[in-house]
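So the structure is just underneath, and the comments pick up after that.
Derivation of every value follows stated rules applied to the coordinates shown; laboratory data play no part. It should be emphasised that the depicted structure is a prediction, and the values quoted were computed from it without experimental measurement. Reconstructed Cβ throughout: ideal geometry from the backbone, glycine too, with neighbour counts over all protein chains shown.
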Amino acid sequence: MNINGKAFRTIWFDNNIVKIIDQTKLPHQFIIKELKSVKDAILAIKNMEVRGAPLIGATAAYGLVLSIIEKNDQSFLKKSSEDLIKSRPTAINLKWAVDRMMKKLSGVNSEEILNIAIKEAKNICEEDVGFCKDIGVNGLKIIEEIYKKKKDTINILTHCNAGWLATIDWGTATSPIYHAHKKGIKVHVWVDETRPRNQGANLTSYELNEEGISNTIITDNAGGILMQRGQVDMCIVGTDRTLSNGDVCNKIGTYLKALAAHDNKVPFYVALPSSTIDWNIKNSRDIPIEERNSKELSHVEGLDKNNKLTKVLIYPEKSQSMNLAFDITPAKYVTGLITEKGICNASKEGLESLFK
Ligand code: MRU
């Protein structure tokens, strides 16, 4: 998608270097960062310079490419794969991508391994672009249905950033919105700020602005009253891990939006590529929920009067805080899953009808 009218992807490989857009600096600074070692890739994931389930997976895949460039050795590669998997716990795409790469690379001779790794990491990226595009085409049908009845601007609420910045291109939750906009359907997006890291305000609103899509940032607690007032036609969110029973793990606060949507009979859709489905874990209580540094709550970053990025403390210094990064929305609150293969019920039968 576009930044300043120029098409970008979130990650690319150039001359044995991986390039990313440093998302910790957006929207105030647009910085392309170079990753030159597996450690750089691990830190980029941990520090959320790259984030969003599909992009974390792609970065891990390229992290293994960098590991081979650094030291072409099977035991170093294995250790790199283990360290990459540990870099963030919740999004299943990370393990999915590392396992897929390792399946291709384990035991391959040292002359061939680099080319095979580069090819597979590129395949993972290209596949994600295709999946996200198809999610858009499928999700567009739902927006068109609502538009046929309403014949006026469709108001869509989204949480966190499940936009193109969280994937390689298009996004998951935003892809149907981009497709609707390109088709001339009037859409307006309610963007949850998404405390504490503000992925909604900093990333989703930014990328929608760059594509000329009308949007309004709201506090994370505002969705309920907007739904009560009839100002939300549908919700679309992303997911970091969807269980085979349709339970959805996504950014903290998603669950409360789903409850409000259920109470107000607002359709609540979750958009995902199949790489986000965890077919193994059966009980959502077994999903590892990331707990991040509480300083992400107590400090906020923004531009000071000299246009310099500055971090300030906003809490009493002595107060304790807790920073759980994800929550679980039970399948019963999900109207449907929008995938690259079509739309299905959030249930075992629904997912199996498309994927098995
Ligand atoms: O902590 P983040 O910013 O990596 O969390 C991202 C999300 O929760 C997204 O909604 C999810 O990864 C889906 S991305 C298409």
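Take the alpha carbon gyration tensor of the range 125-252, find the square roots of its eigenvalues, order them as a ≥ b ≥ c, and report rounded if a/c is under 1.5; if not, report prolate when a/b exceeds b/c, else oblate. Rounded shape, in that the Cα axes give a/c under 1.5. Take the Cβ atoms of Ser106 and Lys311, set R0 to 30 Å, and the FRET efficiency comes out at 0.10.
Could you list log10 I(q)/I(0) for the range 190-257 at q = 0.15, 0.17, 0.24, 0.26 Å⁻¹, which the Debye formula gives when each Cα is one point scatterer? Calculated log10 I(q)/I(0) at the listed q: -0.53, -0.68, -1.15, -1.24. Per-residue ellipticity at 222 nm from helix content only, as computed over the chain with -39500 (n - 2.57) for each DSSP H run of at least four residues, stands at -11500 deg cm²/dmol. Distances between every pair of Cα atoms in the range 33-85, grouped in 5 Å steps from 0 to the bin holding the largest one, split as 5, 24, 36, 21, 10, 3 percent. Expressed as a fraction of 2.2 N^0.38 Å, the C-alpha radius of gyration for the range 200-356 is 1.19.
By other beta-carbon atoms within 10 Å, ranking Val137, Val191 with the fewest at the front produces Val137, Val191.
Residues considered: Glu49, Glu296, Glu317. Largest GNM mean-square fluctuation over the chain, using C-alpha springs under 10 Å, is found at Glu317.
Projected area of the range 260-324, taken from the Cα convex hull and averaged over every viewing direction, in nm²? Show your work: numbers first, answer last.
Numbers: hull surface 35.8 nm².
For the range 260-324, the mean projected area of the Cα convex hull comes to 8.9 nm².
Convex hull volume of the Cα atoms of the range 2-127, normalised per residue: 94 Å³. Which residue, Asn221, Asn283, Asn250, tops the fluctuation ranking in a GNM of the chain built on C-alpha contacts under 10 Å? Of Asn221, Asn283, Asn250, the Gaussian network model singles out Asn283 as fluctuating most. Farthest towards the positive end of the charge dipole of the chain, among the residues Gly163, Ser284, Gln228, is the Cα of Gln228, using unit charges on the Cβ of Lys, Arg, Asp and Glu. What separates the Cα centres of the range 195-251 and the range 109-176 is a distance of 16 Å. In plain terms, the C-alpha convex hull of the chain casts an average shadow of 18.7 nm² when viewed from every direction.
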